[in-house]
1. Please give the charge dipole size of the range 2-79, origin at the Cα centre, charges +1 on K and R Cβ atoms and -1 on D and E Cβ atoms. Round to the nearest 20 debye.
2. Just from its helices, what would the mean residue ellipticity at 222 nm be for the chain, if runs of 4 or more DSSP H residues each count -39500 (n - 2.57) and the sum is divided by every residue, rounded to the nearest 500 deg cm²/dmol?
3. In degrees, nearest 10, range 0 to 90: what is the angle between the Cα axis of helix 11-26 and the longest Cα principal axis of the chain?
4. Can you sort Phe36, Phe21 from fewest to most other Cβ atoms within 10 Å of each residue's own Cβ?
5. Quick one: helix 33-44 against the long Cα principal axis of the chain, what's the angle to the nearest 10°, folded into 0 to 90?
6. In what order do Phe54, Phe27 fall by count of nearby beta-carbon atoms within 10 Å, going from fewest to most?
7. Given the convex hull over the Cα atoms of the range 2-79, what projected area results after averaging over all orientations, in nm²?
8. When a footprinting reagent is the concern and you count Cβ atoms within 10 Å, what order do Arg45, Arg81 take, fewest first?
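A short reminder: the numbers here are calculations on the coordinates, not readings from a lab. Just so we're clear, the structure is a prediction, and the values are computed from it rather than from any experiment. Glycine also receives a Cβ, built like all others from the backbone with ideal geometry; neighbour counts cover every protein chain displayed.
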Amino acid sequence: MTMIRNEGIQEWIFNEGKNMFIKHFQFAEKESPFDFVTNLASRIRDYSLTDCLFGCYELRDFREDLICQLLDEYLIPSKMRHIDY
């Protein structure tokens, strides 16, 4: 977190993540028809009908301001829970 705050968010890291999601989508293992339909039905509530197949794999825009805002609001010790197993 300190490195991110000092150096900022690097767009190339975002692009690497974006490419990883695309590859994961392209080379996803086949699932049973029941599992496929179940997963698709659960995505319809979060994505438009045209985006429900690929929506959860898509990172659209690099928004450094939004990423920093989310990190500042949620990735702080007071909002984390440590669980020992």
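1. 180
2. After summing the helix terms and dividing by the residues of the chain, the value is -16000 deg cm²/dmol.
3. Tilt relative to the chain: about 20 degrees.
4. Details: Phe36 12, Phe21 15.
Least crowded to most crowded, the residues run Phe36, Phe21.
5. Helix 33-44 sits roughly 50 degrees off the main axis of the chain.
6. Numbers: Phe54 13, Phe27 7.
Taking fewest neighbouring Cβ atoms as first place, the list is Phe27, Phe54.
7. Details: hull surface 28.6 nm².
The orientation-averaged projected area of the Cα hull of the range 2-79 comes to 7.1 nm².
8. Values: Arg45 7, Arg81 4.
Final ranking by Cβ density, sparse to dense: Arg81, Arg45.
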